[in-house]
Every structure is written in C-alpha cells, then in structure tokens.
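The values are calculated or read from the model by the stated rules, or taken from the named source; none is laboratory data. The model shown is predicted, which means the values in this text are computed figures rather than measured ones. Don't worry about glycine lacking a Cβ; one is built from the backbone with ideal geometry, like all the others, and counts go over all protein chains shown. Only protein heavy atoms, including side chains, enter the accessible area calculation; ligands, DNA and RNA are left aside. Shrake-Rupley method; radii C 1.70, N 1.55, O 1.52, S 1.80 Å.
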Amino acid sequence: MESIGVLMPIPMSPYLEQELEKRFNLLKLWTVPHKAQFIKDHATSIRAIIGNASAGADAELIDSLPKLEIVASFSVGIDKVDLKYCKEKGVRVTNTPDVLTDDVADIAIGLSLAVMRRLSESDRYVRSGLWKKGGYKLTTKFTGKIVGILGLGRIGKAVAKRAEAFSCPIAYFSRTEKPELKYKYYPTVVELASNCDVLVVACPLTEETRHIINREVIDALGPKGVLINIGRGHHVDEPELVSALLEGRLGGAGLDVYQNEPEVPEQLFGIENVVLLPHAGSDTTETCNAMADLVIRNLEAHFLNKPLLTPVV
Amino acid sequence: MADDDHSELPTVLVLRRCPFIALLEPKCSQKFNLLKAWDSPLPQDQFLTTHARSVQALLSSGNGPPITAQILQFLPSLKLVVTNSTGLDHVDLAECRRRGIAVANAAKVFAEDVADTAVGLFIDVMRKVSASNRYVRGGLWACRGDYPLGSKIGGKKVGIVGLGSIGLEVAMRLEAFGCSVSYNSRSKKPSLSYQFYSNVCELAADSDALIICCGLTEETHHMINKEVLSALGREGVIVNVGRGAIIDEKEMVECLVGGEIGGAGLDVFENEPNVPKELFSLDNVVLSPHQAIVTHEAFVDLGELVTGNLEAFFSNKPLLSPAVIN
C-alpha cells in the first residue's frame, strides 16, 4: 500500500502521522509552500484524505482529486465534509465515534465544575498572591443543578450519566423523544434552556443546528445559567454569546469550540465566569491513539476491500 | 441563661468575627444573643472572665481561633461547642470529653460541595483545564498551536484516603467516569464493594491517583509522605480536600518540581493562606484557596444546621449533628 497517496492537510497527531507513514505515502500539505500546486502535482496518486474537526473535504477539493476514494476523519464530527457530494461521487467517509465519547463527556463536566465553582479563576487568584489578602468569594454549587442536554446521542448520554452521579436532574432536547430514558424531554431548545441551570451542547453540526444557541436561547438560560459547548463553534451565535456574557445576561460559559478556531473572542479573556479550552475535548494520549488506530484500520479495511469499521457514507 | 439581663434570648459566645458569622448574624441574632468577644476593648481572657462565666454555648469557626483547654477554662458553664466545619482538629476534643461538653459539627452538609471540588480538581489536573484556559487567554493557541495532551480519566484507578461522607460522595461520582475506586480508611466498610487497603502506601502503589478526604488527626498528620508519593509514582496525581498537614508539603513540592509525581490539585495547605511559591510556575498543579465548602448553597444549609443545633440545645432536644468525640 506504500504507493497509495494519503493527503493530510494539517497536523493532527504525531502518532497518526507515524502510523500512516508506515503504511502509505503520506503527503503532509502543511509542510509545502504552494499547496494548490502540490495537490495538482499529486492528484493522480491521492486516494485518501485525512480530515478532522477543522479540515475536511468540500466539493472543490473532491473535484481536484479524481482518484479520491475515501475521507477518513480524525474526529467524530464531520461537518467539514460535504457528505452529500461524497455520496454522489462514491467517496466513502469514516469518522471516530465511541473512542472519544468518554473524554468529551468528561470535559463537559470538568467545564461545568470549573465555571460554577470558579476553579480556574481561583487558581489564578492564588497564583497572583490575592489569597493572602482574603478568601475567594462564594461560588455556586454544582450538585443537584438541572443539566439540560442538547442532543442525546452517545456523548449526550455519557454527559447525562456523569451528571446523574452529581444528583443532577437531566432534561434534554433531541430530534426525537426517547421515552425509554427517564429524562425530561422538552420539544424546543428555548423551553429546555428556560428549565435548566446548565445547558450542554452535544449534537452534531448540521444546517438545522447552526446557531441553534441564539439570543433567544441565551436569554432563556439567563443570568444564572451556564452554557457548556462541546459541540462545534457554529452551534452558537458567538457575537450574541459574547455580548450576553459581558452584559450579565448569561451567568457563565465553558467553551471548548469556537466559530473560527484557533481565534477566540478576546473580550472573553478578562471575565471570570468563562473557561476557555483550545478544542481539547478528546485531547488525551490514550484517546488520540485510539482515534488514530481507528483511522488506520478504516483505511486498511477500505484498501483491502473489507467492510469499513465506522462508515458515515 | 443570658449574661445580659435585658435579653431573654439564650447567649452564644463567638470569639472572632469571620465571613461565616457575618452571614449568619441576621438570622441568628433573632434567636440568640451573640456575645462577641472581638467587639470588646478588653483582651480576650479578661473579656471571658468578666462576661462569659455563665455562657453555655460557643459558636466556633473552622479557621478561627482554636478552642483550646486554656480557653475552655474561662468557660465553666460551657456545655456545647458548635463549629461550622466538618473538621474538628481545631477543638481540644479530649478536654471537651473530660468536661462533658458536647460538640456539634457540620457533618454531611458540605459533603457534596467538597466532593464536587475534589472531582473538579481531579478533572482539571488530568485534562489540564486551568492550564489550557490560561494558554488560550494568553493568546497562545493561535500562535503556538494545540496544547499538550492530557490523560484519560476513564479506566484510571483512584485511591480514596478516608471513606467518610465526603470520600463516599467522591467515590460515587468517579464511578460514573469509569474509574475503579479503592480506599484506605481507619476501618474496612464491609457494606461497600470498593477494594480496601489497610496500608496507604500499598493503596498508592496500586493507584493512578489519590484523593485525600480524611480528617486531620495525630495518625493522619504527614501520612502522605515521601514513601507514599514515591509509590504513587511519576504519572500519579494527588488531590487534597482534607487538611494541608495530611501531606508532607515540603516533600510533595520537591516531588512535583522534580517530576516524581504527575500532578496535584490542592484545596488545602499546611500554612494557609501561604502556598509554596515553587508551585506557581507548575502547569500540572491546580491551586484552590480552601474553598471546597464556599458555595452559596452550603452557607445556607450550614446556617440552618448551626441554628438548628443551637435551638435543639437550648430546648433540651437532641443535637442535629453531634460529633462523635471518642
């Protein structure tokens, strides 16, 4: 398989690169100065693209690679891949579900605790010597708060399981109600936001869910409510979120994703009721290795004409 | 009975002002006559001799002046010490026992908040929450790229030191994250299925992380020493929501600076509010200013419990949260 061209647009994981290099002809697009020319030069050998949360495959890229057979994404979210076009062109698409579910759910709870109990802010308080002048102020208890989950898929369910261990009642909004789960269903996102203390975004990004967290939802969540975004930046109307936080219309936010990563609205840097992570939801050594292994196994299966392990298309 | 003849409310002595007492005062002063030692120009000993001889109840704060045998000597009528803390290391329990003075503490009222802090600190250290928050706020994500990878929580072996009400709440939470929980405690709890270790060093050797949830006593002082930290190992993480002195702080700092343990989440320190400055430059350490119990909700619950204990005492009813002091 060493002659199979696999295009990787941006760095994602040294381990993944290493494993791909062992098996394929890995083309690292970020290392070349003239990217468009490079793609033209290698167009006839590129049969696979490695995608991730930031880089996928749009119609233009797919059209420039006539030998493209598969897009293997190093992520579970594949909003950057034109799935419809892939289907039309017979290009397979795989992602990395399940292996990262726990890590992402862990971060949702970690962010909730960090925001409500001001863990990051009081760490800063101690490091700056302020503790010597007086204790930090009262914070808000997390146990027992109502956790609203937007999207009750694998990750949403894993968040619910953890929140339940903190005696948090669980409410949710999903495309369809799931009566087998004993959680409170709300038919609209605004109603969910009005009836929970912490709102966790855990659904895929699609045309329908773009800006699903808008001004109305933010206002419904309110000055004591906390928004946790572990989905995609575009789930949230970011300028609205920023102004709500600055004006005190929203109680707090824990964000792992943004509209235009790695750019983060600088107005958020100085406020104490937000915690900002650099899209680290699945960023553990164990999980990145597991994701990389899944990408490799999907590619190997494809090129050996075996069934894909985690196909999306 | 009240020292002040003009008041019919029972008297409760408070030695030093603190934020908790200030919060409690509006409600408390309707039911009790708060005798405030700090309000007087007299030095404390003189104040107590002059005004507190018939005081039966003392309201103490966990980080206030210790209730020593010397102080108790000035209070011959004292029958009750109510503290706003779960920890009792600031009260001379032997002397209370000798004098027949009952002690009421905060029991389980904070257990959830402390457990939340312990888990929050644990996730923070493992997943580098505060460190990467700093990284993003410093504008470094855009120019330096992704932050280094953290460590997965699921599947990790967590050793809880002290499986009382707080330790149990921590255990329940961590199970939901897929951790396997073991513990060391004064005695095995046969009704629980967690693996018991009678030796804290053995627990550390078999754990990826230790969470300190026990009280500070003579036995637990510096219980987490160099031997235990070495057993925990280079990848091991320690979280402390008990008392600073349970850990040999100097040893722990050396281990952290030398990379001999993987990281620490600390809410308590040996000499608060002083924190060893070597820790300030470490990204694998999360520091918290003894605030595991400092939530609005805990203070409301605590206020009700403290008031409830005092009311029970003065109406000759059983205390709501008597501490066992043998």
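When segment B:98-120 is filtered for residues that are basic (Lys, Arg) and either at pLDDT 95 or above or closer than 23 Å to A:Leu111 by Cβ (or both), the ones remaining, listed by number, are B:Arg98, B:Arg99.
Within segment A:247-285, the residues that satisfy the criterion of being touching a residue at least 60 places away in the same chain (Cβ under 8 Å), under 19 Å from B:Pro148 (Cβ atoms) and not in a loop (DSSP other than H, G, I, E, B) are A:Val275, A:Thr284. Within segment B:33-45, does at least one residue satisfy the condition of being open to solvent by 10 Å² or more (accessible area, probe 1.4 Å), more than 14 Å from chain A (Cβ to nearest Cβ) and in contact (Cβ under 8 Å) with a residue 40 or more places away in the chain? Scanning segment B:33-45 turns up no residue that is open to solvent by 10 Å² or more (accessible area, probe 1.4 Å), more than 14 Å from chain A (Cβ to nearest Cβ) and in contact (Cβ under 8 Å) with a residue 40 or more places away in the chain. Sub-7 Å Cβ pairs linking a first residue in segment B:54-82 that is in a helix (DSSP H, G or I) to a second residue that is not aromatic (Phe, Trp, Tyr), at least 6 apart or interchain, are B:Ala69/B:Asp92; B:Ala69/B:Glu95; B:Leu72/B:Leu78; B:Leu72/B:Asp92; B:Leu72/B:Glu95; B:Leu72/B:Arg99, ordered by first then second residue.
Every residue, every condition in (1) buried (at least 24 other Cβ atoms within 10 Å of the Cβ); (2) assigned to a helix (DSSP H, G or I), yes or no:
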site: A:Ser120; (1), (2): yes, yes
site: A:Arg124; (1), (2): no, yes
site: A:Lys137; (1), (2): no, no
site: A:Thr143; (1), (2): no, no
site: A:Ile155; (1), (2): yes, yes
site: A:Ala171; (1), (2): no, no
site: A:Lys182; (1), (2): no, no
site: A:Ala193; (1), (2): yes, yes
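The set of residues from segment A:218-234 being crowded, with 24+ Cβ neighbours inside 10 Å and in contact (Cβ under 8 Å) with a residue 40 or more places away in the chain comprises A:Val226, A:Ile228, A:Ile230, A:Gly231, A:Arg232.
Screening the candidates A:Glu286, A:Glu240, A:Glu263 for the property of being more than 9 Å from every other protein chain (Cβ to nearest Cβ) and open to solvent by 40 Å² or more (accessible area, probe 1.4 Å) yields one hit, A:Glu240. Condition check: within 26 Å of A:Ile109 (Cα to Cα), of a type in the set (Lys, Arg), modelled with pLDDT of 95 or more and in contact with a Lys or Arg (Cβ under 8 Å, 6 or more places away or on another chain). Does B:Arg127 satisfy that? Judged against the criteria, B:Arg127 is not a match. Of all residues in segment B:240-282, which are open to solvent by 40 Å² or more (accessible area, probe 1.4 Å), in contact with a helix residue (DSSP H, G or I) (Cβ under 6 Å, 6 or more places away or on another chain) and within 11 Å of chain A (Cβ to nearest Cβ)? Within segment B:240-282, B:Pro273, B:Phe280 meet the criteria.
Considering only residues of segment A:79-117 that are aliphatic (A, V, I, L, M), part of a helix (DSSP H, G or I) and open to solvent by less than 10 Å² (accessible area, probe 1.4 Å), which is nearest to the other protein chains (Cβ to nearest Cβ)? In this case the residue turns out to be A:Leu113. The number of residues in segment A:60-78 that are surrounded by 19 or more Cβ atoms within 10 Å (Cβ to Cβ), more than 14 Å from chain B (Cβ to nearest Cβ) and in a loop (DSSP other than H, G, I, E, B) comes to 5.
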